[in-house]
Amino acid sequence: MTSPTTAIRTEALSRSFDGRLALDGLDLEVASGEVLALLGPNGAGKTTTVRLLNGVLRPDRGAATVLGLDSTEDGDEVRRRTGVLTENAGLDDRLTARENLEFAARIRGFGAAEAARRVDDQLERFAMGDQADLPTAGFSTGQRKRLALARALLHDPEILFLDEPTSGLDPTATRDVTNLIGTLARQHGRTVVLATHFLGEAGRIADRMAVLDHGRLRAIGRPDDLAAELWDGIPADIDLGRPATSSVLGLIAAVDGVIHHEVRATGTTINVRDRAAFARVLHTLSTQDVDVFGANLRRASMEDVYFALENSFATEREPAT
Ligand SMILES: Nc1ncnc2c1ncn2[C@@H]1O[C@H](COP(=O)(O)OP(=O)(O)O)[C@@H](O)[C@H]1O
Ligand SMILES: [Mg+2]
């Protein structure tokens, strides 16, 4: 039984292409209102997962339940209640921005007046008024993504699937699209599955990260929790204005609770067992008259965790030499 707070659940979801497993036994549960970052290198199976969840692709094995509906059996109903931004946006370039949205609204079954109202709302919300009546053929990648996102949201979907929403965008457009997604999730409580290989943006808006590698789910959880499994202690940066000398490093290493320390151009990065150990380090440096210009405990970023996981996969794949 799927509980009402579960938006997505998969069991052993698998799909092959030409005898090769693109997705291999995915077990996943996404809570309603959650933002899940689906991460992994090219070819990991992210797009395949999104397509299976939306019922546009059939699994060879296993099942996916979205909003309590079977993605394969009830695909039409699933797609009525979800919005998808596909990797390549899929606009009709013979049409203007407005016409693209109107066409999508009519396909969704809205009457002419309701369709026009929704299209106007979206054009305004996505600040596309100026481009509304231009053919999309001349649009930049950023404008295309915005329009495709507007289209994916036309019908107020309960779940939003975004496949590489920021690929090909410049930094400003990337930030804008990311902020929009964050707002949708936070203020409107939408469930979002964000498939991407851009870790920085994902890290800003996602609650949990799921890492696929060669079609297999290798890790899932909050970055902090995954970090705690991956390495001992909490990293902290200490700004000394120049690389830490060996005598300073000696002082730090002698403090109870310091697990690890490394020289940096501006000081040192240490790993402490807990916050109290960090405080003892600062106290020691100050009593020894070492100038400290800044010091902060770092929460593990999604990037930190992702790269640590990638390293561990690579190590597992290579036979020990
Ligand atoms: N329609 C398809 N036909 C053949 N192979 C496919 C198809 N879709 C995906 N694949 C293969 O499945 C694997 C996973 O692809 P995909 O899900 O697109 O990965 P990602 O989105 O993580 O980059 C890749 O090896 C890819 O080549
Ligand atoms: Mg993809």
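The values are calculated or read from the model by the stated rules, or taken from the named source; none is laboratory data. Predicted model, so just to flag it, every value in this text is computed and none were measured. Methodologically, a virtual Cβ is constructed for each residue, glycine included, from the backbone with ideal geometry; neighbour enumeration extends over all protein chains shown.
Determine whether region 4-16 contains at least one residue that is within 28 Å of L184 (Cβ to Cβ), within 16 Å of ligand 2 (Cβ to nearest atom), not in a strand (DSSP E or B) and not aliphatic (A, V, I, L, M).
Checked region 4-16: no residue is within 28 Å of L184 (Cβ to Cβ), within 16 Å of ligand 2 (Cβ to nearest atom), not in a strand (DSSP E or B) and not aliphatic (A, V, I, L, M).
Starting from residues that are among the charged types (D, E, K, R) and closer than 27 Å to A308 by Cα, keep the ones in region 175-214 and report whichever is surrounded by the most Cβ atoms within 10 Å (Cβ to Cβ).
Taking the candidates together, the pick is E201.
Applying the selection to region 297-312, what residues are crowded, with 17+ Cβ neighbours inside 10 Å and either more than 28 Å from A276 (Cα to Cα) or of a type in the set (D, E, K, R) (or both)?
D304
Residues are listed down the side, and each one gets a yes or a no for (1) at pLDDT 85 or above; (2) more than 16 Å from ligand 2 (Cβ to nearest atom):
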{"site": "L212", "(1), (2)": "yes, no"}
{"site": "G215", "(1), (2)": "yes, no"}
{"site": "R222", "(1), (2)": "yes, yes"}
{"site": "E229", "(1), (2)": "no, yes"}
{"site": "D232", "(1), (2)": "no, yes"}
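Somewhere in region 79-86, is a residue over 23 Å from V177 (Cβ atoms), assigned by TED's automatic domain parsing to the domain that holds P171, under 29 Å from the mean Cα position of the chain (by Cα) and surrounded by fewer than 20 Cβ atoms within 10 Å (Cβ to Cβ)?
yes
State all residues of region 175-217 that are part of a helix (DSSP H, G or I) and touching a strand residue (DSSP E or B) at 6+ places or on another chain (Cβ under 6 Å); if no residue qualifies, say none.
A185, A202, I205 - these are the residues of region 175-217 that are part of a helix (DSSP H, G or I) and touching a strand residue (DSSP E or B) at 6+ places or on another chain (Cβ under 6 Å).
Under 7 Å by Cβ, and 6 or more places apart or on different chains, what pairs join a residue from region 130-149 that is within 18 Å of E102 (Cβ to Cβ) with one that is crowded, with 20+ Cβ neighbours inside 10 Å and of a type in the set (S, T, Y)?
R144/T136; L147/T136
Matching residues to (1) within 30 Å of G68 (Cβ to Cβ); (2) within 16 Å of ligand 1 (Cβ to nearest atom); (3) not in a loop (DSSP other than H, G, I, E, B):
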position: F110; (1), (2), (3): yes, no, no
position: D121; (1), (2), (3): yes, no, yes
position: A137; (1), (2), (3): no, no, yes
position: A150; (1), (2), (3): yes, no, yes
position: A173; (1), (2), (3): no, no, yes
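Go through P59, P135 for me and flag whichever is modelled with pLDDT of 90 or more, over 30 Å from A22 (Cβ atoms) and more than 16 Å from ligand 2 (Cβ to nearest atom).
Among P59, P135, only P135 is modelled with pLDDT of 90 or more, over 30 Å from A22 (Cβ atoms) and more than 16 Å from ligand 2 (Cβ to nearest atom).
In region 152-171, what residues are part of a loop (DSSP other than H, G, I, E, B), of a type in the set (D, E, K, R) and within 16 Å of ligand 2 (Cβ to nearest atom)?
E164
For the condition buried (at least 17 other Cβ atoms within 10 Å of the Cβ), more than 11 Å from ligand 2 (Cβ to nearest atom) and among the aliphatic types (A, V, I, L, M), what is the one hit in A37, A31, A22?
A37
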